[in-house]
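Colleague: My questions will all concern the structure given below.
Throughout, read-outs are computed from the coordinates displayed, never taken from laboratory work. All values derive from a computational prediction rather than experimental measurement. Cβ placement follows ideal geometry from the backbone for every residue including glycine, while neighbour counts extend to all protein chains displayed.
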Amino acid sequence: MTKKRYNILISGGGTGGHIFPALSIANALRARINADILFVGAEDRMEMERVPAAGYPIKGLPVAGFNRKNPLKNIGVLLKVWKSLGMARKIVEDFKPDIAIGVGGYCSGPTLKAAQRKGVPTLIQEQNSYAGVTNKLLAKNADRICVAYDGMERFFPADKIVLTGNPIRKSLFDRQLTRDEGCRRFGLDPARRTLLVVGGSLGALTLNESMEQGLGRLSDAGYQVIWQTGKSFSERAARAAKGKKGVVVTPFISDMAAAYAAADLVVSRAGAGSISELEALGKAVILVPSPNVAEDHQTKNAQALSSRGAAVMVADADARGSLVNRILTLIADDATLASMRREISAMALTESDERIVDEILKILQEREK
């Protein structure tokens, strides 16, 4: 690799599950080569705050997702896509990237399509076990497709696929952090079993209402709970937890490394990023897939684990009636918890950000020959 400075375009976002991997790739790139890195996101989504906070410039596109429930609203969506394609073309012309990287989200489609039309090499990072429409459309002209699951030849050209896993937050890997210390950071008793419930940064209504209904049963059975509610449910959760010993209710968990360390069992949505974290940390988990994602990605992600005994899956529609029962059965079952930890650890792919950067550098080298 030469000492030249590269222009790297990274596009994607909409959720933390897309933004965290994008930032991990950017940080790994910056540590290994001289690079000017520009992000492209959707102008009204969380990446417009998170990316600058991490020290990178970002440009926003007005792109939005298609409305499957009300097709008439898609006229406006099509206009936004058309406008975004024009804006993405201008960004590519002005920035002159040496490579464009797409990590998923509405904005990656127009951005990578504009790059491909200009002859810029592209790399796609598909995080889910079931490929999204945008990445399937981009795959034909992509140089490399980095995936987190086996069997992705169903969706992509086999000769372009590289199994890398999904990048996760380095901050989770505090090797000095024991389970006892994790409990103490939350004011909990290390001698008691602890449940961690996480519904993503905004919380998850199904998980929250299931916990609201069943919290008394968990507390009466002697279990401790760390319950991340999201902002909108925090007051209801606080009322449900009032007077119950060993229950920590919080809208957002800033110290996720400690929360994971403390947990004997986790209840989580089944986003690709969350699953990659759980695999890397070897946590026993009950997955409740969100029904509100494109192409039901989360159910397919959860099935990829549950079919191997690496997780238990509870459907969102069943959770209010059965989730707490499953928790009570599982958290007391030492043998099953141990088996789940072994199976989920076996699925982990580590150093994924470095693996993806390896592929980026190979593409840049190929173009320099």
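Colleague: Using the Cβ atoms and a cut-off under 12 Å, what net charge is assigned to the surroundings of His18, where Lys and Arg are +1 and Asp and Glu are -1?
Modeller: Net of charged neighbours comes to 0.
Colleague: Less than 10 Å Cβ to Cβ from Ala311, Lys/Arg counted +1 and Asp/Glu -1: what total charge do the surrounding residues give?
Modeller: So the environment of Ala311 carries a net charge of 0.
Colleague: Moving on. For the range 232-369, how big is Rg over Rh, using alpha carbon atoms and the Kirkwood form of Rh?
Modeller: Using only Cα positions, Rg/Rh for the range 232-369 is 1.06.
Colleague: Let me ask another. Taking only the alpha-carbon positions of the range 199-239 and ignoring solvent, what does the Debye formula give for the base-10 log of I(q)/I(0) at q = 0.14, 0.31, 0.33, 0.34 Å⁻¹?
Modeller: Log10 of I(q)/I(0), two decimals: -0.29, -1.12, -1.19, -1.23.
Colleague: Another question, then. If N is the number of residues in the range 6-61, what value comes out of its Cα radius of gyration divided by 2.2 N^0.38 Å?
Modeller: Computed over Cα atoms of the range 6-61, the ratio equals 1.02.
Colleague: Compute the FRET efficiency between Ser345 and Arg192 as 1/(1 + (r/R0)^6), taking r as their Cβ-Cβ distance and R0 = 22 Å, and round to the nearest 0.05.
Modeller: 0.35
Colleague: For the range 199-307, what value does the Rg/Rh ratio take when both radii are computed over Cα atoms and Rh is the Kirkwood radius, given to two decimals?
Modeller: 0.96
Colleague: Which cross-chain or sequence-distant (5 or more) residues have an amide H under 5 Å from the amide H of Val285, H modelled 1.01 Å from N in plane?
Modeller: Val266, Val312
Colleague: Follow-up question, since we're still on this one. Give me log10 I(q)/I(0) at q = 0.15, 0.17 Å⁻¹ for the range 97-230, Debye formula, one equal scatterer per alpha-carbon, no solvent.
Modeller: So the normalised log intensities work out to -0.84, -0.92.
Colleague: Using the basic label-point model (7 angstrom from Cα toward the beta carbon), what is the Val133 to Asn74 distance in nanometres?
Modeller: Result for the modelled spin labels: 0.6 nm.
Colleague: Would you mind getting the Kirkwood hydrodynamic radius of the range 70-138 from its Cα pairs, rounded to one decimal in Å?
Modeller: Averaging 1/r across every pair of different Cα atoms and inverting gives 12.7 Å.
Colleague: Further question on the same structure: Could you tell me which trypsin sites (Lys or Arg not before Pro) in the range 267-335 are loop residues by DSSP with no more than 13 other beta carbons within 10 angstrom of their beta carbon?
Modeller: The qualifying sites are Arg308.
Colleague: Whole number please: convex hull volume per residue of the Cα set in the chain, in Å³?
Modeller: 137
Colleague: What length, rounded to one decimal in nm, is gained on full extension from Glu181 through to Asn7, with 0.36 nm per residue of separation minus their alpha-carbon distance?
Modeller: 58.3 nm
Colleague: What does the helix-only formula give at 222 nm for the chain: each DSSP H stretch with n ≥ 4 adding -39500 (n - 2.57), the total divided by the residues, and the result rounded to the nearest 500 deg cm²/dmol?
Modeller: Calculated from helices alone, the mean residue ellipticity at 222 nm is -14000 deg cm²/dmol.
Colleague: What does the range 308-369 give for Rg and for Dmax, in Å, if only its C-alpha atoms count?
Modeller: Calculated on Cα positions, Rg and Dmax stand at 20.0, 61 Å.
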